[in-house]
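Asks: My structure is below; once you've seen it, I'll send some questions.
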Amino acid sequence: MADEKNRVYIFDTTLRDGEQALQQSLSPKQKLQIAMILDQLGVDIIEAGFPISSPGDFESVRDIARVLKNATCCGLSRALDADIDACRDALKESEHYRIHTFIATSDIHVKDKLRRSFDDIVAMADRAVRRARNYTDDVEFSCEDAGRTPIDHLCRMVETAIAAGATTVNIPDTVGYTLPYEFGNIIKTLFNRVPNIDKARISVHCHNDLGMATANSLTAVQEGARQIECCVNGLGERAGNCSLEEVVMTMKLRGQYMGGVYTNIECTNIARASQVVSGVTNEPVPSHKAIVGSNAFAHSSGIHQDGVLKNKNTYEILTPESVGFTENNMHMTARSGRHMIRAVLDKMGYKEGTYDLDDIYQRFLKLADRKGQIFDYDLEALLFFSHDQEEETQFTLDNLSVISGGKNVIPTASVRLKIGKRTRMESSTGNGPVDAVFNCITRLTGIRLKLDHFCILAKGAGTNAQGQVDVDVVYEGRHYNGKGLSTDVIEASALALISACNSIYRAQIIEEEKCEEKMEA
Ligand code: KIV
Ligand code: ZN
């Protein structure tokens, strides 16, 4: 029987700390997609966003709070009344929720960033926690930059927050500066010196600037911390946050040597969570990344291969299956029926009713005609992309042809677009096939945008992969992004740009409607 006192809670902040580090912010729908995967993964708390920071963040925290089945939804707030109230407003529809409020405690932050006295900071923290406790009995307080906070100050702050009603107190190594023994000593000292420490759960939140995030978090657990804040694939500010898969699998494999600690994560869902987060955020997982990299379970050298063939345990401490990497054994082709698609999606955790089966099936058939065999990651990609297509589109790709080649060929493209009810065609040259296609599209749509960022990734393995293109464009000072997915990378590029143009078009319509409303008022 697992002993509850050894349970380490997993607080996932992929959607908050992880997301804030991305070049392009995620849409509320993309965040919802990640939240659903995290919920299936069994994380205990999902930090869904920072509601006061933007209407989009508020909306996605609210939407996520509505759909979570197992995890507690949490919103971040500074130690300010308006922030805490925004969290409450975004989360109030869920039965149980957490408000996470924070303030910086290190000398450099208190003096140079906040420009206040430490006494003021303590008073603000006390007030913030009490206000949050009026709304929910699950309140987390974080001492930002705790890793560089003088220990007397830290003890005083932790004691104050707990006395004010914080049920979790988080000790972040915000700048990833401490060494494992130092960070462990901070946690040990808090347990020795803070008189009311047993009234709250102690959490840690380690950044990875020196590559210490996993070691620091686990050292803290050995000193009594019972919550780890982390992100899937180690996403996060600068060098990232502590990686969820690393701490979870270390406790799974070595927990008995750490006093019997364990988590409630469904480890066989880790590979999928990693792939979905990487796909949605467009942040590739390095091949050598521990636990989830494509090489994490590959044996290359002859000596290693020979050893593994004789006895797997010679070089393999974990099996790929233990984190959910399995050989794909579903043969989906254009002959597969609708119920097969539903069954595969169901196995992946997508319940009927959360997606449009007819839409997915029609697009599945088109893809299967082009690609032959379809894998589960293709199906999942269709699912993500179906969300984009829920909105009305002004521009749709009707046809595309491209000529490109070696030195003596001038890349030339012809693009036919459906624009509203009409169809128009343009041809153009460019400095490459994608450039030629983009020239056609900008002429056809009449939208004079600037391409800020272009990224192409292979989704799936080998020559069977599909190309996913993400673009970030700037139009009249605002950023818009678009995604395209196809077995043909030029088509994926065209689709990505067209999807960005559709977003610009929709934004213009909304603006016009607002202007009309104002004129009428
Ligand atoms: O790194 C940090 O200190 C944070 C806090 C807001 C918890 O992200
Ligand atoms: Zn952080």
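Readers should treat all values here as calculations from the given coordinates under stated rules, not as data from a laboratory. Computed from a prediction, not measured in an experiment: that's the story for all the values here. We place every Cβ from the backbone using ideal geometry, glycine too, and count neighbours over all the protein chains shown.
Asks: Taking one equal scatterer on every alpha-carbon of segment 200-258, how large is log10 of I(q)/I(0) by Debye at q = 0.13, 0.18, 0.27, 0.30 1/Å?
Replies: -0.29, -0.54, -1.11, -1.26
Asks: What is the percent of Cα-Cα separations in segment 47-102 that go past 17 Å? Numbers along the way, then the final one.
Replies: Details: 334 of 1540 pairs.
Above the 17 Å cut-off, segment 47-102 has 22 percent of its Cα pairs.
Asks: Hey, got the Cα dimensions of segment 50-180 along the principal axes, in Å, largest first?
Replies: Ordered largest first, segment 50-180 gives principal extents of 41, 28, 27 Å.
Asks: Let me ask something additional. Each residue of segment 305-320 in turn: what ³J(HN,Hα) in whole Hz from Karplus with 6.51, -1.76, 1.60 and θ = phi - 60°, glycine and Pro shown as x?
Replies: 4, 4, x, 5, 5, 7, 7, 3, 5, 4, 10, 10, 8, 9, 9, x
Asks: Note down the nm distance, to one decimal, between modelled labels 7 Å out along Cα→Cβ at ASP3 and at SER294.
Replies: 4.4
Asks: Could you put THR160, THR333, THR14 in order, starting from the residue whose Cβ has the fewest other Cβ atoms within 10 Å? Before the final figure, lay out each step's value.
Replies: Working: THR160 20, THR333 14, THR14 30.
Listing THR160, THR333, THR14 from fewest to most nearby Cβ atoms yields THR333, THR160, THR14.
Asks: Sticking with this one: Over segment 429-513, consider all pairs of different Cα atoms and compute the Kirkwood hydrodynamic radius from their mean reciprocal separation; express it in Å, one decimal.
Replies: It is 13.2 Å.
Asks: Report the residues of segment 405-419 in range of a label on LEU451: point 7 Å along Cα→C-beta, backbone N strictly under 16 Å from it.
Replies: Once the point is set 7 Å along Cα→Cβ of LEU451, 405, 411-415 turn out to lie under 16 Å by backbone N, inside segment 405-419.
Asks: With bins 10 Å wide starting at 0, give me the P(r) of segment 78-148 over every alpha carbon pair, in whole percents.
Replies: 21, 48, 25, 6
Asks: Using only Cα atoms, find the angle between the long axis of helix 270-281 and the longest principal axis of the chain, and express it within 0 to 90 degrees, rounded to the nearest 10.
Replies: Here the helix axis deviates by roughly 60 degrees.
Asks: Please report the spacing between the Cα centers of segment 330-354 and segment 248-308 in Å, no decimals.
Replies: 26
Asks: Amide H neighbours of ASP398 under 5 Å, at least 5 residues apart or on other chains, H built in the peptide plane: list them.
Replies: Distant-sequence amide H within range of ASP398: ARG416, LEU417, LYS418.
Asks: Calculate, in nm to one decimal, what ALA507 and GLU316 gain on full extension: separation in residues at 0.36 nm each, minus their alpha carbon distance. Working shown, then result.
Replies: On the way: separation 191, 0.36 × 191 = 68.76 nm, distance 5.21 nm.
Full-extension gain reported as 63.5 nm.
Asks: Mind pulling the angle between the C-alpha long axis of helix 357-371 and the longest principal axis of the chain? Nearest 10 degrees, somewhere in 0 to 90.
Replies: On a 0 to 90 degree scale, this one is about 60.
Asks: How large is the helix-only mean residue ellipticity at 222 nm for the chain, computed as the sum of -39500 (n - 2.57) over DSSP H runs with n ≥ 4, divided by its residue count, in deg cm²/dmol to the nearest 500?
Replies: -13000 deg cm²/dmol
Asks: In sequence order, what are the phi-derived ³J(HN,Hα) couplings for segment 192-200 according to the Karplus relation 6.51 cos²θ - 1.76 cosθ + 1.60 with θ = phi - 60°, rounded to whole Hz, with x for glycine and proline?
Replies: 7, 10, 8, x, 9, 4, 6, 8, 9
Asks: When only Cα pairs under 8 Å and 6 or more residues apart are kept, what is the percent relative contact order across the chain? Working shown, then result.
Replies: Numbers: 1004 pairs, mean separation 48.1, N = 521.
Rounded, it is 9 percent for the chain.
Asks: Given labels modelled 7 Å from the Cα in the Cβ direction, how far is it in nm from HIS304 to ARG254?
Replies: Those two pseudo-labels are separated by 1.8 nm.
Asks: Would you please give the residues with an amide H less than 5 Å from that of GLY432, counting only those at least 5 places away or on a separate chain, with H modeled from the backbone geometry?
Replies: none
Asks: Ranked highest first by average number of other Cβ atoms within 10 Å, how do 402-409, 219-226, 62-69 line up? Mind dumping the intermediate values first?
Replies: Working: 402-409: 10.1, 219-226: 22.0, 62-69: 17.9.
Order by mean packing, descending: 219-226, 62-69, 402-409.
Asks: Order these by the 10 Å Cβ neighbour count, fewest first: THR174, THR268.
Replies: Numbers: THR174 23, THR268 14.
Ordered by Cβ neighbours within 10 Å, fewest first: THR268, THR174.
Asks: Quick one: compute the contact order of segment 242-293, relative version, from alpha carbon pairs under 8 angstrom and 6+ residues apart, as a percent.
Replies: Working: 28 pairs, mean separation 17.9, N = 52.
Reported as a whole number, the value is 34 percent.
Asks: I've got another one for you. Relative to the longest principal Cα axis of the chain, at what angle does helix 118-135 sit, 0 to 90 degrees, rounded to 10?
Replies: 70
Asks: Using only the Cα atoms, work out Rg/Rh for the chain, with Rh taken as the Kirkwood radius, to two decimals. Before the final figure, lay out each step's value.
Replies: On the way: Rg = 25.2 Å, Rh = 25.1 Å.
Rounded to two decimals, Rg over Rh is 1.01.
Asks: Assuming 0.36 nm per residue, please report the length gained on full extension of the stretch LEU357 to HIS479 beyond their Cα-Cα distance.
Replies: On the way: separation 122, 0.36 × 122 = 43.92 nm, distance 3.18 nm.
Gain on stretching LEU357 to HIS479: 40.7 nm.
Asks: Sort HIS205, HIS153 by Cβ crowding within 10 Å, fewest neighbours at the top.
Replies: Details: HIS205 30, HIS153 18.
The fewest-first ordering by Cβ neighbours comes to HIS153, HIS205.
Asks: From the P(r) of segment 346-480, could you give the percentage of C-alpha pairs in the tail past 19 Å? The partial results should precede the final answer.
Replies: Details: 5803 of 9045 pairs.
Summing the P(r) tail past 19 Å for segment 346-480 gives 64 percent.
Asks: Based on alpha-carbon centroids, what's the gap between segment 160-206 and segment 444-503 in Å, whole number please?
Replies: Between the Cα centre of segment 160-206 and that of segment 444-503, the gap is 44 Å.
Asks: Full extension from LYS514 to ASP435: what is 0.36 nm times the residue separation minus their Cα-Cα distance, to one decimal in nm?
Replies: Full extension from LYS514 to ASP435 adds 25.0 nm.
Asks: Calculate, axis by axis, the spread of Cα positions in segment 236-346 along the three principal axes, and write the results as whole Å, longest axis first.
Replies: That gives 49, 40, 30 Å along the principal axes, largest extent first.
Asks: Set the bar at 20 Å for Cα to Cα. Now go through LYS31/LYS450; LYS252/LYS351; LYS366/LYS459; LYS31/LYS514; LYS31/LYS351; LYS5/LYS199 and name every pair that lies beyond it. Don't skip to the answer; put the middle values down first.
Replies: On the way: LYS31/LYS450 26 Å; LYS252/LYS351 28 Å; LYS366/LYS459 17 Å; LYS31/LYS514 27 Å; LYS31/LYS351 17 Å; LYS5/LYS199 13 Å.
Beyond 20 Å: LYS31/LYS450; LYS252/LYS351; LYS31/LYS514.
Asks: Here's another thing I want to ask about it. ³J(HN,Hα) across segment 65-80 via Karplus (A = 6.51, B = -1.76, C = 1.60, θ = phi - 60°), whole Hz, x for Gly/Pro?
Replies: 4, 6, 9, 4, 9, 10, 6, 7, 8, 9, x, 9, 8, 6, 7, 10
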